[in-house]
Amino acid sequence: MVNVYGSIQQMIKSSPSTPLKVDPATDHPPINRSAVARWSSTLCNRFSALLFDLDGTLVDSMPVHYQAYRTVFRRHGIELKYHDFLLQVGAPARQAIPQFLNSAGHNGYLHGKIESLHLEKKKIFRILVKRAPLSPLPAAAFLSQRKGKKIALVSSGNRAGVLTIIEKMGWGGIFDAVISGDDVQNGKPHPEPYLRAAKLLDVKPCDCLVFEDTRDGVEAARAAGMRVVDVGEWAADE
């Protein structure tokens, strides 16, 4: 585990020192890639629990999700554009898929087959993700700040896909709780996923620091009464 974290820290230290933004609610100075490791202890010491989104926050897996969705829709003669895919990132599939269809101009029978489309996508994703090279993102360095803190993963993805990524990245045993889209009635931006994580960790929402990369995720964490580091702004500054 130490070697894994060491490699992540080294990756970040060797990256370009482009300024990165942090949510003002954290009351901390701006963080850049080369300073992530230095600031992480200061930032995390104020909280008893660290909660992480997965796709686009801890690991660069969004292109794989897009390829899986694109493959499914092409089977039905529909072209899903990457821009339209990104607009729905963070939302659960049952909400995202109808929007994908609308953006592609499809108002027909597939709207009645959302669940079957999702099942197709999940099967394809599990195949693709096992073969795809996945890279940890800068926020993964904060996983090394455990030191007595509780850590949870809070993803909109289905549980099977989430666990596949965790296994592939060698992160088994790191998280005290894993919340997937299968575990809640209301997905992000509803606060339920984060409130459920806090309950499982037995911590107060105000004692949680959340790492998110999407608007829906940030809104969900804030609605749950938690502080948020918006890592989506990091990528925007690159």
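Spin-label pair Met62-Ala132: with each label point 7 Å from Cα along the Cα-Cβ axis, the two points sit 1.2 nm from one another.
In order along segment 204-218, the Karplus-derived 3J(HN,Hα) couplings, from 6.51 cos²θ - 1.76 cosθ + 1.60 at θ = phi - 60°, round to 7, x, 5, 9, 10, 10, 10, 10, 9, 10, 10, 4, 4, x, 4 Hz, and Gly and Pro are given as x.
Packing, as the average of other Cβ atoms within 10 Å across residues, places the peptides 139-146, 47-54 in the order 47-54, 139-146, highest first.
The fewest-to-most ranking of Tyr109, Tyr194, Tyr66, Tyr82 by surrounding Cβ atoms within 10 Å reads Tyr109, Tyr82, Tyr66, Tyr194. Taking amide H as placed 1.01 Å from N in the peptide plane, Val59 has its amide H under 5 Å from the amide H of Leu137, each at least 5 places away in sequence or on another chain.
Once backbone amide H atoms are built at 1.01 Å from N, Arg227 has Cys208, Val210 as its partners under 5 Å, excluding neighbours fewer than 5 places away on the same chain. Over segment 62-131, the hull volume per residue, using the convex hull of the C-alpha atoms, is 78 Å³. Computed 3J(HN,Hα) for segment 177-191, one whole-Hz value per residue from the Karplus formula 6.51 cos²θ - 1.76 cosθ + 1.60 where θ = phi - 60°, is 8, 10, 10, 10, x, 6, 9, 10, 7, 10, x, 4, x, 5, x, glycine and proline marked x.
Return the subset of Lys147/Lys168; Lys121/Lys150; Lys81/Lys113; Lys81/Lys123 for which the Cα-Cα distance in this structure is over 29 Å, preserving the input order. Where the Cα-Cα span goes over 29 Å, the pairs concerned are Lys121/Lys150. Under 5 Å from the amide H of Phe52 lie the amide H atoms of Ala152, Leu153, Val154, Phe211, each residue being 5 or more positions distant or on a separate chain, with H modelled from the backbone and absent for Pro and chain starts.
Every number here is computed from the coordinates shown, using simple stated rules; none is lab data. In this text, all values refer to a predicted model and were calculated from it rather than measured experimentally. In this analysis, Cβ positions are derived from the backbone assuming ideal geometry, glycine residues included, and neighbour counts consider all displayed protein chains.
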